[in-house]
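Each value in this text was obtained by applying a stated rule to the coordinates, not by laboratory testing. Values in this document were obtained by computation on a predicted structure and should not be read as measured data. Reconstructed Cβ throughout: ideal geometry from the backbone, glycine too, with neighbour counts over all protein chains shown.
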Amino acid sequence: MAIPISKQITTVLKLFTEPKVLKTLLSLREIGYLKDTGWIKSLIIGMPVDVDGVPIPWVTLSFYEFIKGRLNQELDVFEFGSGNSSVWFAKRVKSVTAVEHDKIWFEKMKNKMPSNVKVILSKDEAEVYSGELGTLEQNFDIITVDANHRNECMFAAPAKLKSDGVIILDDSEREEYLPGVNFLLNSGFKKIDFYGIASGFIHHKATTVFYKQENCIGI
């Protein structure tokens, strides 16, 4: 939600009466967590990147730190939604297959994708979009849900997951995704919630991993 200009002005003026707070905020531009994680750079350019400007998934930073060391070149990933995460995963896993409903975004990104990434352009209709996964012959180690029709995508995911596979849901704190979350929990999955901020954003959110006892990322 955008903050009204009057509120922004009041807040800035108030900072001058709180020199310790102002000094700390200014220092975060040059040192500390927000700089070291690429949060500041992401805010400036309007897309999620690390401190070196390399694109990363738009997930909570706590989840990003957790997952980046647990991937390997034997894994097959499927994504509901494509973008920076597709490019990022492609460097760390065997293959990435993604479904995308936005034709403009699809055209913009398709030539930027590495050779081990396949993006499927689909309709923005729940049954069709979530059903794209079921049309594929292979099963996947990781299925991410970070686009439209997330409940339907979660309903579809287990059928195409390998026995040790995991499902990742972004923005999992939203109550509107409870049907999908409860479906996975009732299907025998456990979950870990990674709360925090995402690159360039300050609101509190969560990225959740759904897994079973034997899983490909070593939980």
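List of remarks:
- Residue-by-residue Karplus 3J(HN,Hα) for segment 164-181, coefficients 6.51, -1.76, 1.60, Hz, glycine and proline x: 10, x, 10, 10, 10, 10, 8, 6, 6, 6, 6, 4, 5, 9, 4, x, x, 4
- Amide H to amide H, with H built 1.01 Å from N, Ile120 comes under 5 Å of Ala98, Val99, Glu100, counting only residues 5 or more places away or on other chains.
- Peptides 169-175, 58-64 ordered by average Cβ neighbours within 10 Å, highest first: 58-64, 169-175
- Rounded to 5, percent antiparallel among DSSP beta bridges of the chain: 40 percent
- Segment 143-148 - phi-based ³J(HN,Hα) in whole Hz, Karplus 6.51/-1.76/1.60, Gly and Pro as x: 10, 9, 10, 8, 8, 7
- Selection from Ile197, Pro179, Tyr129 lying farthest towards where the dipole of the chain points positive, charges on Cβ: Ile197
- Taking only the alpha carbons of segment 67-118, we obtain Rg and Dmax values of 10.8, 32 Å in that order.
- Our coupling estimate for segment 83-89, obtained by passing each phi through the Karplus curve with A = 6.51, B = -1.76, C = 1.60 and θ = phi - 60°, is x, 4, 4, 4, 5, 5, 4 Hz, Gly and Pro reported as x.
- Long-range HN-HN contacts of Val49 with modeled amide H, under 5 Å: Ser42, Ile56
- Label-point separation, Ile202 to Asp36 (7 Å along Cα→Cβ), nm: 2.1 nm
- Ratio Rg/Rh [Cα only; Rh per Kirkwood] for the chain: 1.02
- Highest mean packing comes first when the peptides 33-46, 150-163 are listed by Cβ atoms within 10 Å, giving 150-163, 33-46.
- The shape of segment 143-194 can be summarised by an equivalent ellipsoid whose semi-axes, obtained from the alpha carbon gyration tensor, come to 16, 12, 11 Å from longest to shortest.
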